[in-house]
Amino acid sequence: MTSRAENDFGPDGEVFDVERIRALFPILAQRPGGQPLVYLDNAATTQKPLPVLNTLSRYYANENANIHRGVYGLSQRATDAYEGARAKMARFLNAAEPAEVVFTRNATEGINLVAQTFGRQRVTADDEVVISAMEHHSNIVPWQLLCEEKGAQLRVVPISDSGELMLDELASMLGPRTKLVSIVHMSNSLGTINPVRRVVELAHAQGVPVLLDGSQAAYHMPVDVQALECDFYVVTGHKLYGPTGIGALYGRRSWLEAMPPYQGGGDMISSVTFERTTYNEVPHKFEAGTPHIAGVVGLGAAVDFIESVGFSAIVEHERQLLAYATTALEAVPGLRLIGTAPEKASILSFVLDGVHAHDVGTVVDTQGVAIRTGHHCTQPVMERFSVPATARASLAMYNTTTEIDQLVTALATVREVFG
Amino acid sequence: MSDLRDLYQEVILDHNRNPRNFGPLEDAGLRADGHNPLCGDKLSIAVNVVDGVVTDLRFEGSGCAISKASASLMTESIKGRTLDEARKLFDRFHQLVTDRSAPPDEELGKLAVFAGVRDYPARVKCAILAWHTLRAAVDDNQDVVSTE
Ligand SMILES: Cc1ncc(COP(=O)(O)O)c(C=O)c1O
């Protein structure tokens, strides 16, 4: 089946040809059990395109050396590739300058970094940190640890039955004790896109800084941290069509300057004696030890790739695909979608009457369709909707309406087995 | 479909739909809770043991077809057995669902329907949860059993 979504959009008015995109992802050519692989677990991690794979092998084949230390040419080239990728990430998020981008292992480490530096420095007894009921565990546990250590309170903004953030509740929680608001930009289990600009406005009106978890948002929509006016923004490379083990934290320079270092070691210092160490400047202060250089370079290639396709094309393709999939799934007897906010993207969480999500996952897997089942690292969301688990199909730029049809067919097989 | 039927055998589907020994056991002497955080399976097992013999056991909770049917069939095959026999059966069942080279085992009786699980490594935890929980109950282990 070919739909408008598959052929009308592209970078700079060019045609967006999903088959041309798919051809760049070698893994999609796999045929598990003789059937085409239908990969619908993009919210967990996205597949990697040739430009990223080639950059990784080229880096190791031609440019590998440690960075920021050698006087020889190869080390300089590795340093240039590494710092060049920082500039690319800064441009991707529209940070004011590359120095506002700190490389981390993933989004989780970005959040922990802020909790352990900014948080430990500024949060004291009886202070409050505000999160929401739709956070990934990685935006819950670091704050619980911090609050436990400091005797502070974790406040949780509730969500509505459709999975929307209750902004009024958030507004009423903000006060002189609030030290940080940390909210997901786009939910990984519901698909909800939060009104994060409004969240920042409300928080800033009370002088409260805001961290946004952009793990999901950053590969589905353009992010402009200056327009959002957020204080921190975290992304994770493996969901940006990039390598695993690499992520980035955007932090406003004024905060990064004021924050203590995260880990101690090489690269994060400017001089060390046994009496006194002075720290390197931002962002190197937060990047102790030899970083994941190849990962950073690969991540740079990943954001280049996304920009070469263009968000206008990606957003439009995924919007049409989500609409198609929503209609198709709603027509499946006994299926209930969890997460129906008007502002949502690319995530279809659902439960099937009388069949546990885990069984749904196993059966559709035998039909070549990879979806996620479980709590998606958001156990409080499962509790909020009184379900033990959901099945979740999540879309990326390379998915097609044909694949949605295959999911629907696979769900019919679930019915055949379970009656 | 055919390999699916190896996993979801009719007996398993039946026990999933109509679990046996399902519900509370008010005067139970031993209890334990089991949790499989990966898929959200949660079950509690309540047991009475008299002179080393399991005289009654029931289970409650929610879970996937494999974990529910496994709990249901386990209660059927354990009732009336000695604790020693129950432990041996646990080991045999464990081998059945994890060891691809295990020969057919007559002693397992109906439990042999779970042989298909060994081809689905992600589902082994579902099949084994009830058994771990039972073991915790009879060993009087108060912690929640987790398959993680
Ligand atoms: C919303 C959200 N936040 C945080 C994370 C954590 O990402 P990572 O495991 O790469 O740190 C994820 C991904 O699983 C996510 O979807």
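The values are calculated or read from the model by the stated rules, or taken from the named source; none is laboratory data. Predicted model only: the values in this text are computed from it and were never measured. Every residue, glycine as well, gets a Cβ built from its backbone with ideal geometry; the counts of neighbours run over all protein chains shown. Protein only, heavy atoms only, side chains kept; ligands, DNA and RNA dropped before computing areas. Shrake-Rupley method; radii C 1.70, N 1.55, O 1.52, S 1.80 Å.
Among the residues of the stretch A:99-145, the ones that are assigned to a loop (DSSP other than H, G, I, E, B) and either within 16 Å of the ligand (Cβ to nearest atom) or within 14 Å of chain B (Cβ to nearest Cβ) (or both) come to 7 in all.
Of everything in the stretch A:331-379 that is within 11 Å of another protein chain (Cβ to nearest Cβ) and without any contact (Cβ under 8 Å) to a residue 24 or more places away in the chain, the residue that is farthest from the ligand (Cβ to nearest atom) is A:T362. Set side by side, the residues A:G175, A:G163 differ, and just one is surrounded by 16 or more Cβ atoms within 10 Å (Cβ to Cβ) and modelled with pLDDT of 95 or more, which is A:G163. If you go through the stretch B:39-72 and keep only what is acidic (D, E) and within 14 Å of another protein chain (Cβ to nearest Cβ), you end up with B:D41, B:E60.
Residue by residue, here is whether (1) away from the ligand (no atom under 16 Å from the Cβ); (2) open to solvent by 60 Å² or more (accessible area, probe 1.4 Å) holds:
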| residue | (1), (2) |
| --- | --- |
| A:P36 | yes, no |
| A:D41 | no, no |
| A:P51 | yes, no |
| A:R58 | yes, yes |
| A:H68 | yes, yes |
| A:V71 | yes, yes |
| A:G84 | yes, no |
| A:A87 | yes, no |
| A:E97 | yes, no |
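Annotation: of all residues in the stretch B:87-119 being open to solvent by less than 40 Å² (accessible area, probe 1.4 Å) and within 27 Å of A:R372 (Cα to Cα), the one that is farthest from the chain's Cα centre (by Cα) is B:G116. The set of residues in the stretch A:299-321 being open to solvent by less than 20 Å² (accessible area, probe 1.4 Å) and under 22 Å from A:F16 (Cα atoms) consists of A:A301, A:A302, A:V303, A:F305, A:I306, A:V309, A:G310, A:A313, A:I314, A:H317, A:E318, A:L321.
Any residue at all in the stretch B:89-111 that is out of contact with any strand residue (DSSP E or B) (no Cβ under 6 Å at 6 or more places or on another chain), closer than 17 Å to B:T133 by Cβ and part of a loop (DSSP other than H, G, I, E, B)? The answer is no, given that none of the residues of the stretch B:89-111 is out of contact with any strand residue (DSSP E or B) (no Cβ under 6 Å at 6 or more places or on another chain), closer than 17 Å to B:T133 by Cβ and part of a loop (DSSP other than H, G, I, E, B).
When A:A391, A:A410 are checked against the criterion of being part of a helix (DSSP H, G or I), small (G, A, S), open to solvent by less than 10 Å² (accessible area, probe 1.4 Å) and in contact (Cβ under 8 Å) with a residue 40 or more places away in the chain, a single residue qualifies: A:A410.
Here A:V156 does not qualify as among the β-branched types (V, I, T), crowded, with 22+ Cβ neighbours inside 10 Å and touching a residue at least 24 places away in the same chain (Cβ under 8 Å).
If we scan the stretch A:239-258, do we find a residue that is assigned to a helix (DSSP H, G or I), out of contact with any Pro (no Cβ under 8 Å at 6 or more places or on another chain) and buried (at least 21 other Cβ atoms within 10 Å of the Cβ)? Yes.
Going by what's in this entry, would A:R91 be described as closer than 19 Å to A:G298 by Cβ and either among the hydroxyl-bearing types (S, T, Y) or surrounded by 14 or more Cβ atoms within 10 Å (Cβ to Cβ) (or both)? Answer is yes for this residue. Scanning the stretch B:120-137 for residues that are open to solvent by less than 60 Å² (accessible area, probe 1.4 Å) and assigned to a helix (DSSP H, G or I) yields B:R123, B:V124, B:C126, B:A127, B:I128, B:L129, B:A130, B:W131, B:T133, B:L134, B:A136, B:A137. Of everything in the stretch B:1-15 that is open to solvent by less than 20 Å² (accessible area, probe 1.4 Å) and not hydrophobic (A, V, I, L, M, F, W, C), the residue that is farthest from the other protein chains (Cβ to nearest Cβ) is B:H15.
Annotation: of all residues in the stretch A:42-78 being modelled with pLDDT of 95 or more and of a type in the set (S, T, Y), the one that is nearest to A:I27 (Cα to Cα) is A:T46.
Scanning the stretch A:203-232 for residues being away from the ligand (no atom under 12 Å from the Cβ), surrounded by 23 or more Cβ atoms within 10 Å (Cβ to Cβ) and of a type outside the set (A, V, I, L, M, F, W, C) gives a total of 1. Among all residues of the stretch A:113-130, there is none that is within 21 Å of A:A294 (Cβ to Cβ) and open to solvent by 60 Å² or more (accessible area, probe 1.4 Å).
Within the stretch A:161-193, restricting attention to residues that are part of a loop (DSSP other than H, G, I, E, B) and closer than 17 Å to A:C377 by Cβ, which residue is farthest from the ligand (Cβ to nearest atom)? So the residue we want is A:G163. Cβ contacts < 7 Å: first residue within 11 Å of chain A (Cβ to nearest Cβ), restricted to the stretch B:112-125; second residue of a type in the set (K, R), any location; separation 6+ or different chain. Result? Matching pairs, first to second residue: B:V117/B:R123.
Look at A:S271 and say whether it is assigned to a strand (DSSP E or B), more than 16 Å from the ligand (Cβ to nearest atom) and either free of Cβ contacts under 8 Å to residues at least 40 places away in the same chain or exposed (fewer than 15 other Cβ atoms within 10 Å of the Cβ) (or both). Answer is yes for this residue. The number of residues in the stretch A:394-407 being touching a Gly at 6+ places or on another chain (Cβ under 9 Å) and open to solvent by less than 10 Å² (accessible area, probe 1.4 Å) comes to 1. Tell me yes or no: at least one residue of the stretch B:52-61 is in a strand (DSSP E or B), open to solvent by less than 20 Å² (accessible area, probe 1.4 Å) and within 27 Å of A:H376 (Cα to Cα). Yes, that holds for at least one residue.
Check the stretch A:359-373 and report whether any residue there is within 27 Å of A:A217 (Cβ to Cβ), part of a loop (DSSP other than H, G, I, E, B) and open to solvent by 10 Å² or more (accessible area, probe 1.4 Å). Yes - at least one qualifying residue is present in the stretch A:359-373.
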